[in-house]
């Protein structure tokens, strides 16, 4: 496919066939991740489904992917995000305006990306996803103020303990007036895109990344072994 010629040595378009993606959350993180994956070629040879129950609100405008007109109409976030992506991506996305539980009757994934607001919500979703045979790769994206935290689990190969330990307790919450800024979520989307690319290609990659985008400080886990043999 000539559209993706310049990235072909990094990500082979044919490798995306049937690797459907469920993206949970249409907010700042979810929107940035969707744009990243769409520009990488996801949604052309596979399906992307975005699930979110929330509506567009004014305080989300600086970091989320809709316009003030969407706020005035109280549009569902998934609807506004789908319209926005249709302008700049050559793919259609499926949407579900509901709360994602991980126990959906339909087939999920095999790639599931979680970009929700709370640790409690992540715990509920993980309790369901870890029991499913159709979900093979989970990415959990978190971002607040100027810190990014991304965790990934290859459910075919990885022990569950390391990821489950990140779901304990409740993280520190920044004051509302410094909770988010757009360059942090864009950095998070880049890391998620890189992890997904590596999993698809069978390359090594760290299962956990923490990035302080103000001080350019990074902490990563040791890369997991490649699937290339």
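All of the numbers you see were taken from the coordinates with simple rules; none came from a lab. These numbers come from a predicted model, not from an experiment. As a convention, Cβ positions derive from the backbone with ideal geometry for all residues, glycine included, and neighbour counts pool all protein chains shown.
Listed values, structure above:
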item: Exposure proxy order (Cβ contacts within 10 Å, fewest to most) of 87, 217; result: 87, 217
item: Helix-only [θ]222 nm of the chain, DSSP H runs n ≥ 4, -39500 (n - 2.57) each, per residue, nearest 500; result: -8500 deg cm²/dmol
item: Least to most buried among 183, 163 (fewest other Cβ within 10 Å first); result: 183, 163
item: Fraction of beta bridges assigned by DSSP in the range 2-220 that are antiparallel (%, nearest 5); result: 55 percent
item: Max mean-square fluctuation residue, GNM over the chain, Cα-Cα springs under 10 Å, options 47, 106, 123; result: 106
item: Principal axis dimensions, largest first and in whole angstrom, of the range 7-49 by Cα; result: 30, 19, 11
item: Dimensionless Rg/Rh of the range 2-220 - Kirkwood Rh, Rg from C-alpha atoms; result: 0.94
